[in-house]
Amino acid sequence: MISSPKNQDADDNKGLAILFADDNRSLQELMKLEIPRMGHRVTVCPDGLTAVAALEMESFDCLLVDLDMPGLNGIDVIARAKELCPDAEAVILTGKSSLETAIAALRHGAFDYLTKPCTLVEIESLLRRVQDKRRLTQQCRALQRRLERIEGTPRLIGKSPCMERVRALIGKVAPTQSTVLILGETGTGKELVARAVHDQSTRAAEPFVAINCGALPETLIESELFGHRKGAFTGADEHRVGLFEVAHGGTIFLDEIGELPKAMQAKLLRVLENREIRRVGENRSLTVDVRVVCATHRDLPEMVAAADFREDLMYRINTFEIFLPPLRERLDDIDELADHLLGRFRKRNGPAGRQIADDAVAALKSHVWPGNVRELANTLEHATILCDDGPITADHLPAHFNRRQLIGAAANRPGPISLRDLEMQAIYQALERNDGSKAKAADELGISLKTLYNKLNAASELEKSA
């Protein structure tokens, strides 16, 4: 084994610890000189067996290994590195410019591959991408640890039959590499399902990257997903690693996929089919090994019929569907959900709202919950602010919880009643007759499901502001 002299500049926090393995002696000598000049520390090995011996003695951030070496080939070294140094990013060097070689390397956990002969500029650019990815991954993990300390470990709450079915489906699909589509209304907890799929998969130790497609500006979404080259557009002052690269080896969660612009739908389809991305401003494609989980509250077939969503993309992302039921269909879970949420609030804000009175539980279970679990969390946080250290009662719930009773009373009292109140009374009664099913209620009322959602949401916002 040949090691380069220790370079003080390469030892700073920005440099990588690199293992270079190639049986070409001239390349060994070149890397001993050039990699430290790029700001990194390098250990050079002449073959695969020596590389594995080095991995057993110390940890590395990045591996640059030749595909064809005596003893052990590059893929064998990567497989062993996954056991000895699982956080290291591996790059295959190969003289065989073939798609099969790249796919084989990626399947064994390689970050990327370079075709020999390659330039020092290409190597330096690739190492910069490794640095960027590791930095962003470390930031994601640090934020996740902070969030878990405050909120607790994210988990699915509830023992109702519909939630047990969700857990069973997660258990079936998680060990596979299939693309998953999570369906459900806004606020039901679709990201928790995506995290459960990731945590129960073989990729659990790798990054989980969540993206809300509806929250990204249309002008920046391509750069956010795929990255960009310095100078690619106005304001691109430095190279940027896209979130697909950050998620390499792990899972990327595309929330609200139905909000993705049509132009980006076509680009995403190519990524899903070829497992390649291209940074904005670059011509070279980069291979990525990422499992994709998507979610939406939208009706994708309806969007396809309206030409708002690509049909081929819809079929590509819904290999396996998981439907997350709305809260009104699992009211028996409210007690457990409330206990979990109040425990989270106590960690964050102090010991308020240690229990819930019977009248508050009854009010919670009689609510329609258009905002689902997210609305329940906001409702209970509101109540904990008002209840001080005592139990939460119905009086501590937001004022709009009594709105339905007021509407019912308004229908029986003398004097005029507003058209809005009559309309909402009809909607609530239709929901009750149909066990909370918005689709059946909309059909009974002769309006579209979208119209029903809009009216419920508008009423909810109006009541909150009252």
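The values are calculated or read from the model by the stated rules, or taken from the named source; none is laboratory data. If you're wondering where the values come from, they're calculated on a predicted model, not measured in any experiment. Positions of Cβ are backbone-derived with ideal geometry, glycine not excepted, and every protein chain shown enters the neighbour counts.
Give the residue, chosen from E336, E311, that is at pLDDT 90 or above, of a type in the set (D, E, K, R) and under 30 Å from L272 (Cα atoms).
After ruling out the rest, the residue left standing is E311.
Among residues belonging to the range 88-102 that are loosely packed, with under 15 Cβ neighbours inside 10 Å and of a type outside the set (S, T, N, Q), point out the one that is modelled with the lowest pLDDT. So that I can check it myself, show each step before the final result.
The initial filter retains those residues of the range 88-102 that are loosely packed, with under 15 Cβ neighbours inside 10 Å, namely 95-100.
Those left that are additionally of a type outside the set (S, T, N, Q): 95-96, 99-100.
Working: G95: 75, K96: 63, L99: 55, E100: 68.
Among them, the one singled out is L99.
Condition first: out of contact with any Leu (no Cβ under 8 Å at 6 or more places or on another chain) and not aliphatic (A, V, I, L, M). Now tell me which residues in the range 15-36 satisfy that.
Once the filter is applied, which keeps residues that are out of contact with any Leu (no Cβ under 8 Å at 6 or more places or on another chain) and not aliphatic (A, V, I, L, M), the range 15-36 yields G15, D23, N24, R25, S26, Q28, E29, K32, P36.
Only one of these conditions is not met by T379: (1) within 26 Å of G189 (Cβ to Cβ); (2) exposed (fewer than 15 other Cβ atoms within 10 Å of the Cβ); (3) modelled with pLDDT of 80 or more; (4) out of contact with any helix residue (DSSP H, G or I) (no Cβ under 7 Å at 6 or more places or on another chain). Which number is it?
With (1) within 26 Å of G189 (Cβ to Cβ); (2) exposed (fewer than 15 other Cβ atoms within 10 Å of the Cβ); (3) modelled with pLDDT of 80 or more; (4) out of contact with any helix residue (DSSP H, G or I) (no Cβ under 7 Å at 6 or more places or on another chain) applied to T379, the lone miss is (2).
Name every residue in the range 361-375 that is touching a Lys or Arg at 6+ places or on another chain (Cβ under 9 Å) and either at pLDDT 85 or above or farther than 22 Å from K190 by Cα (or both), in order of residue number. Before you say what the answer is, go through the steps one by one.
Start the filter on the range 361-375 by keeping residues that are touching a Lys or Arg at 6+ places or on another chain (Cβ under 9 Å), which leaves 366-370, 372.
Scanning the range 361-375 gives S366, W369, N372.
Residues are listed down the side, and each one gets a yes or a no for (1) under 27 Å from R195 (Cβ atoms); (2) in contact with a helix residue (DSSP H, G or I) (Cβ under 8 Å, 6 or more places away or on another chain):
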site: L260; (1), (2): yes, yes
site: I277; (1), (2): yes, yes
site: R284; (1), (2): no, no
site: E302; (1), (2): no, no
site: Y315; (1), (2): yes, no
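Just checking: which of the strands (runs of 3 or more DSSP E) contained wholly in the range 13-81 hold 3 or more residues that are among the β-branched types (V, I, T) and outside the structural domain of Y113 (by TED's automatic domain parsing)?
none
For the range 175-195, which positions are over 18 Å from G250 (Cβ atoms) and part of a loop (DSSP other than H, G, I, E, B)?
Hits for the range 175-195 are G184, E185, T186, G187, T188, G189.
A205: free of Cβ contacts under 8 Å to residues at least 60 places away in the same chain and surrounded by fewer than 21 Cβ atoms within 10 Å (Cβ to Cβ), yes or no?
Working: free of Cβ contacts under 8 Å to residues at least 60 places away in the same chain: no; surrounded by fewer than 21 Cβ atoms within 10 Å (Cβ to Cβ): yes.
When the stated conditions are applied, A205 does not pass them.
Filter the range 13-52 for residues that are under 19 Å from D87 (Cβ atoms) and either free of Cβ contacts under 8 Å to residues at least 24 places away in the same chain or small (G, A, S) (or both) and give the result.
If the condition is that a residue be under 19 Å from D87 (Cβ atoms) and either free of Cβ contacts under 8 Å to residues at least 24 places away in the same chain or small (G, A, S) (or both), then N13, G15, A17, A21, A51 are the ones that fit.
Could you tell me whether the range 289-305 includes any residue that is free of Cβ contacts under 8 Å to residues at least 40 places away in the same chain, surrounded by 18 or more Cβ atoms within 10 Å (Cβ to Cβ) and more than 22 Å from the chain's Cα centre (by Cα)? First the steps, then the outcome.
Of all residues in the range 289-305, those free of Cβ contacts under 8 Å to residues at least 40 places away in the same chain come to 301-302, 304-305.
Subset that is surrounded by 18 or more Cβ atoms within 10 Å (Cβ to Cβ): none.
No - not one qualifying residue is present in the range 289-305.
Write out, first by first residue and then by second, each pair whose Cβ atoms fall under 7 Å of each other, whose residues are 6+ apart or on separate chains, and whose first residue, in the range 182-199, is surrounded by 23 or more Cβ atoms within 10 Å (Cβ to Cβ) while the second is assigned to a helix (DSSP H, G or I) and of a type outside the set (A, V, I, L, M).
I182/K190; T188/N372
Does the range 384-430 hold any residues that are touching a Phe, Trp or Tyr at 6+ places or on another chain (Cβ under 9 Å) and at pLDDT 70 or above, and which are they? Step through it out loud before you land on a result.
In the first step, residues of the range 384-430 are kept if they are touching a Phe, Trp or Tyr at 6+ places or on another chain (Cβ under 9 Å); the result is 384, 394, 404, 407-408.
Correct list: T384, A394.
For the subset of the range 114-146 comprising residues that are closer than 14 Å to H40 by Cα and surrounded by fewer than 18 Cβ atoms within 10 Å (Cβ to Cβ), which member is farthest from the chain's Cα centre (by Cα)?
So, considering only residues that are closer than 14 Å to H40 by Cα and surrounded by fewer than 18 Cβ atoms within 10 Å (Cβ to Cβ), the one farthest from the chain's Cα centre (by Cα) is L120.
Residue by residue through the range 436-466, note down the ones that are outside any helix (DSSP H, G or I) and at pLDDT 85 or above. Full working, then the answer.
Initially, the range 436-466 is screened for residues outside any helix (DSSP H, G or I), giving 436-437, 446-448, 466.
Matches in the range 436-466: G446, I447, S448.
Look at V241 and say whether it is touching a strand residue (DSSP E or B) at 6+ places or on another chain (Cβ under 7 Å), over 28 Å from A204 (Cβ atoms) and crowded, with 17+ Cβ neighbours inside 10 Å.
Working: touching a strand residue (DSSP E or B) at 6+ places or on another chain (Cβ under 7 Å): yes; over 28 Å from A204 (Cβ atoms): no; crowded, with 17+ Cβ neighbours inside 10 Å: yes.
Taking the combined requirement at face value, the residue does not satisfy it.
So that you can scan it fast, the table gives a plain yes or no per residue for (1) in contact with a Leu (Cβ under 6 Å, 6 or more places away or on another chain); (2) over 26 Å from A174 (Cβ atoms); (3) surrounded by fewer than 17 Cβ atoms within 10 Å (Cβ to Cβ):
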| residue | (1), (2), (3) |
| --- | --- |
| N274 | no, no, yes |
| T319 | no, no, yes |
| D358 | no, yes, yes |
| H367 | no, yes, no |
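Which residues, taken from the range 198-239, are among the basic types (K, R) and over 15 Å from the mean Cα position of the chain (by Cα)? Show your work before the answer.
At the first step, the residues of the range 198-239 found to be among the basic types (K, R) are 203, 229-230.
The answer is R229, K230.
Residues checked against (1) under 15 Å from the mean Cα position of the chain (by Cα); (2) modelled with pLDDT of 90 or more; (3) in the same structural domain as T219 (by TED's automatic domain parsing):
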{"residue": "E245", "(1), (2), (3)": "yes, no, yes"}
{"residue": "G250", "(1), (2), (3)": "yes, yes, yes"}
{"residue": "F253", "(1), (2), (3)": "yes, yes, yes"}
{"residue": "E256", "(1), (2), (3)": "yes, yes, yes"}
{"residue": "Q265", "(1), (2), (3)": "no, yes, yes"}
{"residue": "V271", "(1), (2), (3)": "no, yes, yes"}
{"residue": "R275", "(1), (2), (3)": "no, no, yes"}
